[in-house]
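Trainee: Can you read through this structure? Questions will come right after.
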């Protein structure tokens with residue numbers, strides 16, 4: 001984590017003060033489907049079964065789908081994470097799937113991770129009747145590394161990039177993107193931090209560079225502009241890209257707060273609908289895997305979660 005963080009600009013953004021009550025669920029009954037294998041790609045030369053958990057509210061009609069992509073620094077992808085926040089979204093009337101994806105610990109790169117997100121979307125569309133899903137209303141929602149993958153998935157609507165695996169008769173496109181404290185331009189991911197932290201992030205073999213170039217590579221996104229561009233969601237933005245909502249803490253010590261502003265500017269330059277929220281005083285919200293459960297408290301307030309559910313309602317019409 002960074003020792004110091006530069007103040008972030010709130011230009012073209014809305015500031016949320018994360019005070020007030022924590023999110024509240026109603027009494028909506030939810031059906032839980034556990035450990036559904038959605039894809040079986042290769043990792044480290046061996047087949048691996050990727051699984052998802054699905055929550056479906058027991059209400060009438062087909063449900064809009066939200067595919068949740070957990071964080072984990074590109075080294076882990078625990079689909080059991082953030083159950084409370086996922087349940088809150090399901091309580092609003094959405095089918096919510098939380099997915100595993102390939103990480104650098106299995107020798108995989110961002111290309112594999114994006115392909116996995118798209119595979120999960122296609123799988124759920126293919127099995128929509130079984131689970132009561134509305135295939136015309138699909139969003140991706142990611143945090144941290146998952147926010148990056150969500151941005152990549154939403155930016156690449158309408159392209160064949162990263163489309164591999166099964167259910168190829170189904171679309172991988174999404175109708176909305178919720179990107180919480182995700183990365184974008186990886187070469188600038190530590191630009192708001194102290195020099196020592198920036199050097200660590202940009203070093204060969206760092207968690208950033210390993211997920212771009214693969215294990216054992218000495219290349220870096222700082223010295224390979226073409227590779228950095230290929231890994232940047234902004235590169236793929238166009239008329240088919242989904243609307244975005246971006247949320248980031250002003251005191252994020254893991255991903256520079258300016259990352260979301262860089263992506264916001266790129267989205268607007270391409271005519272893609274986008275809104276950025278800065279959560280005042282909040283640190284990186286997905287640090288429970290590092291033992292810091294308090295960092296997530298601002299992110300589970302009604303103010304922040306209500307902002308997310310409000311965006312989903314507007315774009316998917318739950």
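The values are calculated or read from the model by the stated rules, or taken from the named source; none is laboratory data. Only a predicted model underlies this, so the values are computations on that prediction, with no experimental measurement involved. For neighbour counting, all protein chains shown are included, and Cβ atoms are generated from backbone atoms with ideal geometry for every residue, glycine included.
Trainee: Looking only at the range 194-237, which residues are surrounded by 18 or more Cβ atoms within 10 Å (Cβ to Cβ), farther than 16 Å from residue 109 by Cβ and in contact with a strand residue (DSSP E or B) (Cβ under 9 Å, 6 or more places away or on another chain)?
Mentor: Of everything in the range 194-237, just one residue is surrounded by 18 or more Cβ atoms within 10 Å (Cβ to Cβ), farther than 16 Å from residue 109 by Cβ and in contact with a strand residue (DSSP E or B) (Cβ under 9 Å, 6 or more places away or on another chain), namely 201.
Trainee: Residues that are over 18 Å from the mean Cα position of the chain (by Cα) and at negative phi, at least 3 per element: which strands (runs of 3 or more DSSP E) completely within the range 61-172 meet that?
Mentor: The qualifying strands (runs of 3 or more DSSP E) are 133-143.
Trainee: Another one. Among the candidates 286, 265, 292, single out the residue that is more than 22 Å from residue 24 (Cβ to Cβ) and either in contact with a helix residue (DSSP H, G or I) (Cβ under 6 Å, 6 or more places away or on another chain) or in a loop (DSSP other than H, G, I, E, B) (or both).
Mentor: Step by step, each of 286, 265, 292 is checked, and only 292 is more than 22 Å from residue 24 (Cβ to Cβ) and either in contact with a helix residue (DSSP H, G or I) (Cβ under 6 Å, 6 or more places away or on another chain) or in a loop (DSSP other than H, G, I, E, B) (or both).
Trainee: Specify which of the listed residues (129, 169) is out of contact with any helix residue (DSSP H, G or I) (no Cβ under 6 Å at 6 or more places or on another chain), free of Cβ contacts under 8 Å to residues at least 24 places away in the same chain and farther than 14 Å from residue 231 by Cβ. If you could, list the steps in order and put the result at the bottom.
Mentor: Numbers: 169 fails: free of Cβ contacts under 8 Å to residues at least 24 places away in the same chain.
Of the residues listed, the single one that is out of contact with any helix residue (DSSP H, G or I) (no Cβ under 6 Å at 6 or more places or on another chain), free of Cβ contacts under 8 Å to residues at least 24 places away in the same chain and farther than 14 Å from residue 231 by Cβ is 129.
Trainee: I've got another one for you. Condition (residue is within 30 Å of residue 134 (Cβ to Cβ), in contact with a strand residue (DSSP E or B) (Cβ under 6 Å, 6 or more places away or on another chain) and crowded, with 20+ Cβ neighbours inside 10 Å) applied to the range 289-299: is it met by at least one residue?
Mentor: There is no residue in the range 289-299 that is within 30 Å of residue 134 (Cβ to Cβ), in contact with a strand residue (DSSP E or B) (Cβ under 6 Å, 6 or more places away or on another chain) and crowded, with 20+ Cβ neighbours inside 10 Å.
Trainee: For residue 264, only one of the following conditions fails: (1) in contact (Cβ under 8 Å) with a residue 24 or more places away in the chain; (2) within 25 Å of residue 87 (Cβ to Cβ). What is its number?
Mentor: Unmet for residue 264, out of (1) in contact (Cβ under 8 Å) with a residue 24 or more places away in the chain; (2) within 25 Å of residue 87 (Cβ to Cβ): (2).
Trainee: Need the failing condition index for residue 241 against (1) part of a loop (DSSP other than H, G, I, E, B); (2) surrounded by 15 or more Cβ atoms within 10 Å (Cβ to Cβ); (3) in contact with a strand residue (DSSP E or B) (Cβ under 8 Å, 6 or more places away or on another chain), just the number.
Mentor: In the conditions (1) part of a loop (DSSP other than H, G, I, E, B); (2) surrounded by 15 or more Cβ atoms within 10 Å (Cβ to Cβ); (3) in contact with a strand residue (DSSP E or B) (Cβ under 8 Å, 6 or more places away or on another chain), residue 241 misses (3) alone.
Trainee: Moving to a separate point now. Modelled with pLDDT of 95 or more and closer than 27 Å to residue 273 by Cα: which single residue out of 199, 227 fits that description?
Mentor: Just one listed residue meets the conditions, 227.
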